[in-house]
Amino acid sequence: MQKDEHRRLKGHNTAYEELKHAHKRADATLRESEERFRKLADEAPVIIWMHGLAKDLVYINKAGLSYSGLSEKDYLGHKWLDHIHPDDLQGWQAYESAFTSRQKFVVEYRRLNFQGQYRWLLSSGWPRYLADGTFAGYIGVSLDVHDRKEAEEQKRKITDRLFHAQEKEKSRIGREIHDDFAQRLALLTIRLQELQLEPTLSSRHISQIAELRKQANQLSLDLTLFSHRLHSSFLEQWGLAPAVKNQCKDVSRLHQVNVTCQIGELPSIINENIAVTLFRVLQEALHNTTKHSKATKVRVELSGNNGDIRLSVVDNGIGFDSAAAQNVPTGLGLISMKERLELVGGKLLINSESSGTRLSARVPIGEAPNRSQKTGAISTQQTRAA
């Protein structure tokens, strides 16, 4: 009996020793794996970091420490938050929600570097799990994208200046056409009318003068419309909503297309850049519709809600390949419309099928550059057009 008990205890001790050695081997393997990871991470040319369950920084590689110019003790834990630009802390809500749902996240923010300068970083994070599947926090990488952001901003400023110069030149040419050439043509039409009444003229000459007068009238009208396309005095004097309504009426009358216009609730004051941009998008959309789509009906809607101003143009035409059109040099004006909208923080969506095309433009109110916010900002009237 005693021998059996001795063998049983000896077997337990052996199993315990084997289990103990297995744990040691597992710990050694884990330490070796962590050591390999740290060596690899420290050689990487990007910032690599790990956050724990408390959303605290538990590890950052040498590139991250060199970037900040701080030691681990001055940066780990929650101290990393002290080095993010105050205006960008709200952007970390994506991180907060991702942490809760265990999802990947991507966020751009400004962080202090070793020179005490705020620079833009792009951080991507992925949920981190232990071998048994337990959630352990996040692991991620951060890249300095400051130079790219500055280049994008410079491009935006240059494009903005180009569009403003273009608008200024369009307005000058439009006014010159309206005030000079159109007026001279109108005078010529009057002179032709007077000449037509001359009693000494034969019926053939009278008929020829009548035809010349008709052509002059049409040319005068075309020049006037062209001048309005270049420079909308209606937009300048009365605001976005009346200008949109008037544009729809003009297109409907001149191109024999049934254009309906619905104006919803709009802010009492609209930034000038936003107003001009949306009006130019409408002009281009209606021009494309009348020239290419063979549409018989067009519906235009303009409204503001939830901090946005939305413009939609829907037709029943033959449609087009919007992806292919953007790769064509002329591009149906789509590239120009998209770039204009991007300057004021807006977006352009196009859905085109054989049964028609829907163009939607959305601009957040207040996204346009501050330099256009002024006392003379274009106003709107809440009007409805049938």
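The values are calculated or read from the model by the stated rules, or taken from the named source; none is laboratory data. Not measured: the values here are computed from a predicted model. Note that we place each Cβ from the backbone using ideal geometry, even for glycine, and neighbour counts take in every protein chain shown. Only protein heavy atoms, including side chains, enter the accessible area calculation; ligands, DNA and RNA are left aside. Shrake-Rupley method; radii C 1.70, N 1.55, O 1.52, S 1.80 Å.
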Flag if Y95 is open to solvent by 70 Å² or more (accessible area, probe 1.4 Å) and free of Cβ contacts under 8 Å to residues at least 60 places away in the same chain: no
Considering only residues of segment 66-79 that are part of a helix (DSSP H, G or I) and open to solvent by 20 Å² or more (accessible area, probe 1.4 Å), which is nearest to Y118 (Cα to Cα)? Y67
Qualifying positions in segment 129-158 - open to solvent by less than 30 Å² (accessible area, probe 1.4 Å) and touching a residue at least 60 places away in the same chain (Cβ under 8 Å): F135, A136, G137, Y138, G140, S142
I'm checking my understanding of the structure. Among residues of segment 94-120 that are assigned to a helix (DSSP H, G or I) and small (G, A, S), which one is modelled with the lowest pLDDT? A94
Residue list for segment 260-275, restricted to those being modelled with pLDDT of 90 or more, β-branched (V, I, T) and open to solvent by 10 Å² or more (accessible area, probe 1.4 Å): T260
Can you confirm whether S207 is open to solvent by 60 Å² or more (accessible area, probe 1.4 Å) and either of a type in the set (K, R) or at pLDDT 80 or above (or both)? yes
Quick check on G91: is it small (G, A, S) and closer than 23 Å to A41 by Cβ? no
Exception for F234 within (1) open to solvent by less than 90 Å² (accessible area, probe 1.4 Å); (2) farther than 24 Å from H164 by Cβ falls at (2)
Return a yes/no flag: does segment 314-329 have any residue that is modelled with pLDDT under 90 and within 28 Å of E236 (Cβ to Cβ). no
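Out of the residues in segment 159-194 that are charged (D, E, K, R) and more than 30 Å from F279 (Cβ to Cβ), which is most open to solvent (accessible area, probe 1.4 Å)? First the steps, then the outcome.
Pass one, segment 159-194, residues charged (D, E, K, R): 160-161, 167-170, 172, 175-176, 179-180, 184, 191, 194.
Remaining after also requiring more than 30 Å from F279 (Cβ to Cβ): 191, 194.
On the way: R191: 148, E194: 104 Å².
Applying the filter and picking the extreme gives R191.
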Among the listed residues G69, G140, G133, G91, which satisfies the condition of being more than 18 Å from R38 (Cβ to Cβ) and modelled with pLDDT of 90 or more? G69
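Can you tell me which residue in segment 265-295 is nearest to K168 (Cα to Cα), limited to those that are small (G, A, S) and in contact with a Leu (Cβ under 6 Å, 6 or more places away or on another chain)? Walk me through how you get there before you give the answer.
To start, the set of residues in segment 265-295 that are small (G, A, S) comprises 268, 275, 285, 293, 295.
In the following step, the residues that additionally are in contact with a Leu (Cβ under 6 Å, 6 or more places away or on another chain) were identified as 275, 285.
On the way: A275: 15, A285: 21 Å.
This residue is A275.
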Given the criterion surrounded by fewer than 20 Cβ atoms within 10 Å (Cβ to Cβ) and not hydrophobic (A, V, I, L, M, F, W, C), identify the matching residue among Q256, Q247. Q256
Return the pairs, sorted by first residue and then second, in which the second residue is at pLDDT below 90, the first residue lies in segment 237-249 and is basic (K, R), the beta carbons are less than 8 Å apart, and the residues are 6+ apart or on different chains. K245/T383; K245/A385; K249/A385
Pick from segment 330-341 the residues that are touching a helix residue (DSSP H, G or I) at 6+ places or on another chain (Cβ under 9 Å) and modelled with pLDDT under 80: which of them is nearest to R280 (Cα to Cα)? G333
Pick from H164, H178: which is modelled with pLDDT under 85, farther than 23 Å from A41 by Cβ, part of a helix (DSSP H, G or I) and in contact with a helix residue (DSSP H, G or I) (Cβ under 7 Å, 6 or more places away or on another chain)? H178
Scope segment 307-321; condition within 20 Å of K347 (Cβ to Cβ), in contact (Cβ under 8 Å) with a residue 40 or more places away in the chain and not in a strand (DSSP E or B); matching residues: G307
Top-ranked residue of segment 102-128 - restricted to ones that are aromatic (F, W, Y) and more than 26 Å from L343 (Cα to Cα), ranked as surrounded by the fewest Cβ atoms within 10 Å (Cβ to Cβ): F114
Quick check: is even one residue across segment 279-299 under 21 Å from P364 (Cα atoms), modelled with pLDDT of 85 or more and within 17 Å of the chain's Cα centre (by Cα)? yes
Would you check if there is a residue in segment 195-203 being among the polar types (S, T, N, Q), open to solvent by less than 90 Å² (accessible area, probe 1.4 Å) and more than 35 Å from the chain's Cα centre (by Cα)? yes
